Amino acid sequence: MKVIATILVKEFRQIGRDRRMIPLILISPIFQLLILGYAATLDVNEVRTVVCDLDRSAASREVVSRLQAPGIFRVVARVDRDAAVDDEIRTGRAQIGLVIPRGFATDLDALRPSSLLLVVDGTQATVATIALNHARETLLRFLRESLSGRTSRPGAPPLPDIRLSPRVFYNEEMRSADFMVPAVLAMVLMVMTVVLSSMNLVREKESGTIEQLVVTPVRPVELLVGKLAPFVVIGLVDVVIVLGVALFWFEVPLRGSVPFLFGVSLLFLMSTLGLGLLVSTASATQQQAMMTAIFFVMVPSILLSGFIFPIENMPRLFQEASRAIPMRYYLAVVRGVFLKGTGPAVHWPDVAALSVLGVAILGVSVALFRKRVD
């Protein structure tokens, strides 16, 4: 027992001397718990909705009001043409569109069957399924409450039928593979560039070869380019591999521009390599680099980027925090290119955000690395 106690004391002292390990041990669990507790939710609320009310009656306005009442749907636009609903969904400004046909109120007054059209963005299958179910329940409740008095009289005709005709765009079968497989591209690039590049640079510190490189005529910028360039090539090769598996194995449709996808992937790599360099600068060992990359880069990126959980369902604080996650913008582009066939005209805000984040992250990382080398 004395031997074991001595070893235990030695280990705790060694951990206590490593000041960079203490935050990983104490802060990381709290950090992950907060993100998982708030961001990892399958609840659906404030689904962006576009309304095309062709009837413009009190009954049609009541339908829209009922949809918004539970907080599940939030009307972000009102249009006067069916085609405009498709445009709002294709550009990502809305997730669901409700079309109320002319004569809706007249049909209700005459107790005739009527039909409503619900256009759904199928790129987020979970949101689409839950939203469809809530819309059906809301419309049925509206019908029962508004006509209960008229249909309860003796000899009154039965309750008329309001048919909800769903039309799912971009993922008609609502396959989860079509939603998840394109996002795996972002995950692969994140792992290959953040984790591996940070560990590769820290390995130089551990072996002492970084000092040997510093005393050579090689400048810090040349050293960085030589160290990071291979991971750019590896990342682009991984893009080709993921594209091949997605298209030929999972049969995910690719409706957009492949060159545009590669261009945005390069912008994303600029951010991830900057994060890898930042992690290596803050780490003294490969173990620290791996733990820091996983707990403080990978986990927040997965949970706050919309990789699994819709950003709209998160608390406002985490929605704002997700704006600093490069993966958020890259996922929007990847899913849009694959499933919607959208290009630069639609995704220029995402491309601009990726560019700004890439320059900022890489710039700060290079400055810190050069300071450490000097």
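Derivation of every value follows stated rules applied to the coordinates shown; laboratory data play no part. What you are looking at is a predicted structure, and each value in this text was computed from that prediction instead of being measured. All Cβ positions, glycine included, derive from the backbone under ideal geometry; neighbour counts span all protein chains shown.
Give a residue-ordered list of calculated ³J(HN,Hα) values for segment 123-133 (Karplus: 6.51 cos²θ - 1.76 cosθ + 1.60, θ = phi - 60°; whole Hz; x for Gly, Pro).
Running phi through 6.51 cos²θ - 1.76 cosθ + 1.60 with θ = phi - 60° gives 5, 10, 4, 5, 4, 4, 5, 5, 5, 4, 5 Hz.
Hey, fewest Cβ within 10 Å first, where do F268, F307 land in order?
F307, F268
Per residue of segment 86-103, in order, report the coupling 6.51 cos²θ - 1.76 cosθ + 1.60 (Karplus, θ = phi - 60°) as ³J(HN,Hα) in whole Hz, putting x for Gly and Pro.
4, 5, 4, 6, 5, 7, x, 6, 9, 9, 9, x, 10, 10, 9, x, 5, x
What's the ranking of 249-258, 176-185 by average number of surrounding C-beta atoms within 10 Å, highest first?
By packing density, highest mean first, the sequence is 176-185, 249-258.
Amide H neighbours of R167 under 5 Å, at least 5 residues apart or on other chains, H built in the peptide plane: list them.
Answer set, sorted by chain and number: L118, V119, V120.
Within 10 Å of each residue's Cβ, count the other Cβ atoms and sort L139, L117, L266 from fewest upward.
By the 10 Å Cβ count, ascending, the order reads L266, L117, L139.
To the nearest 0.05, what FRET efficiency results for D82 and R13 with a Förster distance of 56 Å applied to their C-beta separation?
Between D82 and R13 the formula returns 0.20.
Can you sort I308, I294, I325 from fewest to most other Cβ atoms within 10 Å of each residue's own Cβ?
Fewest to most other Cβ atoms nearby, the residues stand as I308, I294, I325.
Measuring from centroid to centroid over Cα atoms, what is the spacing of segment 296-316 and segment 91-134 in Å?
28
Pull out the extension gain between L236 and A177, defined as 0.36 nm times the separation in residues minus the alpha carbon to alpha carbon distance; nm, one decimal.
So the chain would gain 19.0 nm between L236 and A177.
In whole Hz, what ³J(HN,Hα) sequence does segment 223-237 give by Karplus (6.51, -1.76, 1.60; θ = phi - 60°), x for Gly and Pro?
After applying 6.51 cos²θ - 1.76 cosθ + 1.60, I find 4, 5, 4, x, 7, 8, 4, x, 6, 5, 5, 4, x, 5, 5 Hz.
Taking a ≥ b ≥ c as the square roots of the Cα gyration tensor eigenvalues, with a/c under 1.5 meaning rounded and otherwise prolate when a/b beats b/c, else oblate, which class fits segment 239-374?
prolate
Mind giving me the nanometre distance, one decimal, between the label points for D109 and R141, set 7 Å out from Cα along Cα→Cβ?
2.7
How high is the relative contact order of segment 175-373? Use alpha-carbon pairs under 8 Å, at least six apart in sequence, and give a whole percent.
33
What distance in nm lies between label points placed 7 Å from Cα along the C-beta direction at L54 and A284?
Between L54 and A284, the label points sit 7.1 nm apart.
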